[in-house]
Amino acid sequence: MKIYNKKVFASGVFEIALGLLRLIADIMKQDFSIKSSVLIAVLVVLGFGSILRSVSPRMAKEDKLEELDERNRLITLKSKSKSFQLTQIISFVLMLALLVMGKVTGFEGFIAMGVGLAFAFTVSMFAEIFTYLYYESKN
């Protein structure tokens, strides 16, 4: 058996391992629920599907071609860029709201959460600046 797409194979093995770990945890706690059983079944089925795709030469070739398609890469790039922008906006709005709530109520927990979000927002701004400078120097 030859593995044609190692990344997909690894993700399949990881999904099966997660399903088995969840099954072992449920057996040890003797806590079976429908939600847990569905999760285990989905993880194992998706894992086996991924492994089958990575072992089949035709399916692995389709996956590689789809991954390298320029249109798909552009869509991925745009979606990641937009999600990063949305994350920055949401963290900034939440930071302001928490700082104002902390000032109005006097509860220091709100201020601490606001400062934490301010730190995360600052890190994201620096990451954006440094990646811009990096890619600008590459071109």
State which residue is nearest to the chain's Cα centre (by Cα) when the search covers only the stretch 58-101 and only residues that are farther than 19 Å from E128 by Cα and basic (K, R).
-> R73
Count of residues meeting criterion [part of a loop (DSSP other than H, G, I, E, B), buried (at least 17 other Cβ atoms within 10 Å of the Cβ) and of a type in the set (F, W, Y)] in the stretch 1-33 = 1
Residue tally, condition farther than 16 Å from L117 by Cβ and in contact with a helix residue (DSSP H, G or I) (Cβ under 6 Å, 6 or more places away or on another chain), over the stretch 75-93 = 0
Residue, modelled with the lowest pLDDT, within the stretch 17-32, restricted to residues that are of a type in the set (D, E, K, R), touching a helix residue (DSSP H, G or I) at 6+ places or on another chain (Cβ under 9 Å) and more than 11 Å from L43 (Cα to Cα) | D31
For R53, state whether it is surrounded by 14 or more Cβ atoms within 10 Å (Cβ to Cβ) and farther than 26 Å from E128 by Cα.
-> yes
Being loosely packed, with under 12 Cβ neighbours inside 10 Å and either assigned by TED's automatic domain parsing to the domain that holds E62 or aliphatic (A, V, I, L, M) (or both) narrows V123, V115 down to just V123
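The values are calculated or read from the model by the stated rules, or taken from the named source; none is laboratory data. Computed from a prediction, not measured in an experiment: that's the story for all the values here. Using ideal geometry, Cβ is built from the backbone for each residue, glycine included, and neighbour counts are taken over all protein chains shown.
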